[in-house]
1. Once the principal axes of the Cα atoms of chain B are found, what is the range along each, listed largest first in whole angstroms?
2. If you plug each phi of segment A:58-74 into the Karplus form 6.51 cos²θ - 1.76 cosθ + 1.60 with θ = phi - 60°, what whole-Hz ³J(HN,Hα) values come out, in order, with x for Gly and Pro?
3. State the Cα centre-to-centre distance between segment A:126-175 and segment B:74-107 in whole Å.
4. In a shell of Cβ-Cβ distance under 11 Å around A:Leu253, excluding A:Leu253 itself, what net charge do Lys and Arg (+1) and Asp and Glu (-1) give?
5. Hey, can you grab everything whose amide H is under 5 Å from the amide H of B:Leu293? Only 5+ residues off in sequence or another chain; H modelled, so Pro and N-termini drop out.
6. Do any GluC sites (Glu not before Pro) in segment A:1-98 lie in a loop, going by DSSP, with at most 15 other beta-carbon atoms within 10 Å of their beta carbon, and if so which?
7. So for A:Asp96, A:Asp49, A:Asp245, fewest C-beta neighbours within 10 Å to most, what's the order?
8. Identify the GluC sites (Glu not before Pro) of segment A:216-316 meeting these criteria: DSSP loop state and at most 13 other C-beta atoms within 10 Å of the C-beta.
2 protein chains.
Amino acid sequence: MAALSESPTLVLARWAVQTQWADVPEAARQAARRSWLNWWGCALGGAADPQVDRLVAALLALGAAGSAPLLGRRERLDVPSAALVHAFASNILDYDDTHWATAIHPAGPVASAVVAWAAAHPCTGADALLAFLVGMEIECAVGLAVSPAHYAKGWHITASCGVFGAAAAVGRLMRLDPTKMVWALGHAATQASGLVASLGSSAKSLNIAHAARNGLLAAQYACAGLSASTVVLEDRFGFGALMGDEGFALGPLPAANSPWQVEENRFKPFPCGFLLHPTLQACQALVQAHGVLASDAVAQIRLRVAPLAATRANRPQPADGMAAKLSLQHAVAIMLLEGQAGVSRFTDEAVELSQALRAKVQVLSDDRLGQQEAAVEVLLHQGAPLHARHHPAPGQEHPSLDDAGLALKFHDLLAHGAPHCAADGLLERLRATEQLADVRVLVDLTLS
Amino acid sequence: MAALSESPTLVLARWAVQTQWADVPEAARQAARRSWLNWWGCALGGAADPQVDRLVAALLALGAAGSAPLLGRRERLDVPSAALVHAFASNILDYDDTHWATAIHPAGPVASAVVAWAAAHPCTGADALLAFLVGMEIECAVGLAVSPAHYAKGWHITASCGVFGAAAAVGRLMRLDPTKMVWALGHAATQASGLVASLGSSAKSLNIAHAARNGLLAAQYACAGLSASTVVLEDRFGFGALMGDEGFALGPLPAANSPWQVEENRFKPFPCGFLLHPTLQACQALVQAHGVLASDAVAQIRLRVAPLAATRANRPQPADGMAAKLSLQHAVAIMLLEGQAGVSRFTDEAVELSQALRAKVQVLSDDRLGQQEAAVEVLLHQGAPLHARHHPAPGQEHPSLDDAGLALKFHDLLAHGAPHCAADGLLERLRATEQLADVRVLVDLTLS
């Protein structure tokens, strides 16, 4: 444990430099592997998005061509721009991970920088995965030290804290010493940015993209001997003073016998607004019990949800796939019809498919239900009504995915955004990342 | 005048798009030309600095090679990286311009982005200069709207507001419509960053470098159709709310019959700390009256300065050129010996040169003197003592340079950082920037 008088910037830098696999308990290792896998799925699922096309074209027009590959694509850019595109793509479907204590989506900024750097330099799978894990812990430690004021004020915390994680992760891969790691954090802090005002526009995913690129550059500046503040977290004109509220209150960092923040990382099970998740889970339970339904067998569907969901997501006629991500009616219909609600179930085509059954869904606000609850009742033309309800166990309020669910999500995402990839082979290699002599084999398996 | 209810983001965007040369009064045109000239001198003066070498090497190692030229250098990078290097180089000698009402050094972020973009796209001199002027006005308008709280809290205002100027300037060159200019400002705001904690390290000039690159990219994102917040300055989770104090209070924007902020821009006459400037001016006056002195003719020198200068800059034995920038003793000695105090007078060699005379300088704190005042008395071995005093006229408290002074500074900077340049020819072309069919001829004249 650090002495009270010790600089939190130095404490974090030392921890980032010194942590080894031997310090990581099995639960944290397992959690890191899952976060890694979930991120690769998200990055590949978003790789062919029209907004990614637009971003890559805009960068190329300014001369960003280089030799760093882009996951799931053909173009090659300079290394920082590759990190930027990876992070943008991995966030664009809004399907990533969440560390609920901070509201950070931890993997994006860190993995994007690690993979961009590792695709251009020799790097073992074990080193890449440990750098990823260390970066996520640094990012969450910084986030916790300024929570809840930081996000509440309006800083887009995945960006503003993610830059530290990217800097620490890439700094590790560069084998920076503690002095230079302090500089890397200094360069990261002075680039920390991202406004919540950007949510709802392309600038939201760009915030996270900048965190990845800027963190990578922060490490590179430090490595090149360009100095930065050595007390950037605690300085009176530093990160805590300006972007925290009560300064910078660093908590204990993880160790061999203590919990790691990565264990709290949760994986979004459905590519749509969180308000729809309890409904999708209730309908999924119904399908698991009774099989999928046909539209013309159904007379009426009564959905009961918490008032917030009923207010925000009562959208009987979503105009397109984007709007369907906030339509309870679409969510109910598509899950009952198909038994799944992956990325291909929130497209313009899926909205047509759900039309007939959607029209039979009645959304009822029920203030006895919590925000993580939903109850569905299906009245059939023939036979008894079907019921299902989602009511999470204590401690399980935030939905996530187990290993089987993560594999399904991975396949769904690759089919959507990188259908040219051999998903089974890539999944197998990703699960064995720690055994890889060079992480580039993973990248090569995705190129189109 | 905008209606009170109108969005300040939209007001700024429209102004940036619509302003034409016909709207610019002669005084503002003249001021813009001087700021432009001063910036080119600073950028070339810093071009060969070892820290610039280090930065360029670090970027090249990550694949930043491209076709955009770097002023005064051989390497070519992608366009955003070229903007970054220009801004870094133009700030590295700490010799740039100052808009005292905000403490912004306005030219750096804007000119760096304009020149990088214009070197890669056809662009007339008149368009480049107007974009530069408009960008500086936008940057100062944003700065004024959050002053004094923004800088007082610890935001490095040249960076955090400079990004808006760079975005507006490049957005103009791209001929963005008002809707896309709003996005460009949105992308700029969500990247706004830079901590005062970085001052005293390389991260300080990097802050300004990032503002230039990020502003250029903000315009490019908007141009490519990537959306951003449309109310980023006034949103409750936007720039004013997070980085101002009382929100965002936009003042009136300049017009044909009103003053422009560029007219308030001042040019640093000496490449050293402001605390030394009154002393250098007093000694310069003494030399102008009596000629330069020889060390062995002098018995003693008594310098009287305001208490702050006496506390912070009483440094009889500066270790090197960097330390000499905060040594009153060195400043007195070098000016009396050489009659000049340009960049070559704050080097390690100059510190040796000043040694004998420096030892005879006594620094006295005088609380009757204002911070812009200094008085010097030289006791000679033979003859009457010499006296000089600097006491600025009201309204002239902040030192600056007239056209002749700017030309001398330009030559001094080029001799230091770009001795291969034909300074006279470049100066002549720069003064006629508005007549150039393509601004690239200016860039080409600097390449090594």
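1. Ordered largest first, chain B gives principal extents of 74, 46, 40 Å.
2. Coupling constants for segment A:58-74: 5, 6, 4, 5, 9, x, 7, 4, x, 10, 7, x, 9, 3, x, 10, 9 Hz.
3. Their Cα centres are 29 Å away from one another.
4. Every neighbour counted, the sum reads -1.
5. B:Leu337
6. In loop regions of segment A:1-98 (DSSP not H, G, I, E or B), the sparsely surrounded GluC sites (Glu not before Pro) are A:Glu6.
7. Lowest to highest Cβ neighbour count: A:Asp245, A:Asp49, A:Asp96.
8. Counting only loop positions with at most 13 other Cβ atoms within 10 Å, the GluC sites (Glu not before Pro) in segment A:216-316 are A:Glu246.
No value in this document is a laboratory result; all are computed from the given coordinates. Computed from a prediction, not measured in an experiment: that's the story for all the values here. Positions of Cβ are backbone-derived with ideal geometry, glycine not excepted, and every protein chain shown enters the neighbour counts.
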